[in-house]
Amino acid sequence: MGQLLSIGEVAQACGISLRSLRHLETHGLIHPARTEAGRRVYSEEHVHQLSRVLLLKRAGYRLGDIARIIQSQTLDPGALLDVQITCLTQQKAAITRLLAGLKEARAMLGGKTFLDVEGLCNLIREGQHLMTQKAMQPVLDHYFTQADQQRWEKTSKTFFPQDKQTAYQKQWETLIVRIETAIKNGTIPTDPAAKTLAQDWLTLQSPMVQALGPEQWGRAAKMYSEMDQWKTEEHCAPFSKAVYDFISQAAKALKT
C-alpha cells in the first residue's frame, strides 16, 4: 500500500488547512482510508487525487463541477496542463492587479517617514481588500464577465468606499448581526420578526438593485445561493450561508 500520511501531514505538505481537507471530503472529492482507531490516512493515490482537485479548484471550477469531472474520468494529462495554464494566467492577472494596488498604497506614504493612525488603517484596509479580491477572483469569474465585474467594482466604490465606512455599510453590518442573533435565538423564517428582517434586507439592497439592474442582481443571488460550493477560508462572503438561506426564506414568507 506504500507510505500512509496523516491528515496533518497531508495538510502541511500541500499547504492547505485541515478544515479545507475535511471540506473536500464532505463534498465527496477525496476519500481517505481510516485506521482501526478511525483516523484518516492518505495514500499516494489519495494525494494524486487531491492534487487534481486543488488544481481544478484554483482554476475556478466549483466543487460540484470538479466532482463531475473526476467521476467522468475525462480529465486527461493534457487537459490538466491546460487547466494549469489557465490557473497560472489568472494568477498572473491577479498579481498584476495586486502590484498596481501596492504601488498605489506606497504612493499614499507621500514621502512621509511615518504614517498616522488613519493612514495606517487605510493601508491595512487596502491590503485586505486586495488579498480578498485575489482569492475571490476565480469565483467571480465563474458567475460574472469582466464587464460585469467592472460594473460591480464601480458600484461598490459608491456604496462601500475603502477609505471610510459609510452609514450604508454600517446598516448592512448591523442587519447581518441582527439576523445572526435571530437564528441563534431559534427564530424561524415565517415568524413576524423574521419578516421584518427580510423587509429591512430588501429595503437596504434596493439602491444596489437599481444601480446594477435585476439581471446582475440575479447573478449575485445565484452566487450566494451556491455559497456552499465555493466558500472556503480563502473565498469569503460578507455573511454566512445560514444567514442567506434564512433571509431568502423569510423574504418568500413576506410575499405570501
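Quick check on Y61: is it crowded, with 17+ Cβ neighbours inside 10 Å, touching a strand residue (DSSP E or B) at 6+ places or on another chain (Cβ under 7 Å) and either at pLDDT 75 or above or not acidic (D, E) (or both)?
It is false that Y61 is crowded, with 17+ Cβ neighbours inside 10 Å, touching a strand residue (DSSP E or B) at 6+ places or on another chain (Cβ under 7 Å) and either at pLDDT 75 or above or not acidic (D, E) (or both).
Could you check segment 200-245 and list, in sequence order, the residues that are closer than 17 Å to V177 by Cβ and touching a Leu at 6+ places or on another chain (Cβ under 7 Å)?
Matches in segment 200-245: D200, W201, L204.
Is there any pair linking a residue in segment 86-101 that is within 21 Å of K57 (Cα to Cα) and small (G, A, S) to one that is at pLDDT below 70 and surrounded by 13 or more Cβ atoms within 10 Å (Cβ to Cβ), with Cβ under 6 Å and at least six apart or on different chains, and which?
A94/K134
Tell me, which residue of segment 206-256 that is open to solvent by 60 Å² or more (accessible area, probe 1.4 Å) and within 24 Å of S20 (Cα to Cα) is modelled with the highest pLDDT?
K222
Between residues in segment 14-37 that are of a type in the set (K, R) and residues that are open to solvent by less than 40 Å² (accessible area, probe 1.4 Å) and in a helix (DSSP H, G or I), which pairs lie under 7 Å by C-beta distance while being six or more apart or on different chains?
No pair meets every condition.
Pull up segment 1-38, narrow it to residues that are of a type in the set (A, V, I, L, M), modelled with pLDDT of 85 or more and assigned to a helix (DSSP H, G or I), then point me to the one that is most open to solvent (accessible area, probe 1.4 Å).
That would be I7.
Output yes when any residue across segment 224-231 is assigned to a helix (DSSP H, G or I), in contact with a Ser or Thr (Cβ under 9 Å, 6 or more places away or on another chain) and either more than 25 Å from K57 (Cα to Cα) or not polar (S, T, N, Q) (or both), and no when none is.
Yes, segment 224-231 has at least one match.
Counting residues that are modelled with pLDDT under 65 and surrounded by fewer than 12 Cβ atoms within 10 Å (Cβ to Cβ), which helices (runs of 4 or more DSSP H) fully inside segment 101-198 reach at least 2?
117-143
Within segment 12-45, how many residues are under 21 Å from G64 (Cβ atoms) and over 25 Å from the mean Cα position of the chain (by Cα)?
Number satisfying all stated conditions: 1.
The values are calculated or read from the model by the stated rules, or taken from the named source; none is laboratory data. Model, not experiment: these values are computed from the prediction. FYI the Cβ positions are ideal-geometry reconstructions off the backbone, even for glycines, and counts take in every protein chain you see. Side chains included, ligands, DNA and RNA excluded: accessible areas come from the protein's heavy atoms. Shrake-Rupley method; radii C 1.70, N 1.55, O 1.52, S 1.80 Å.
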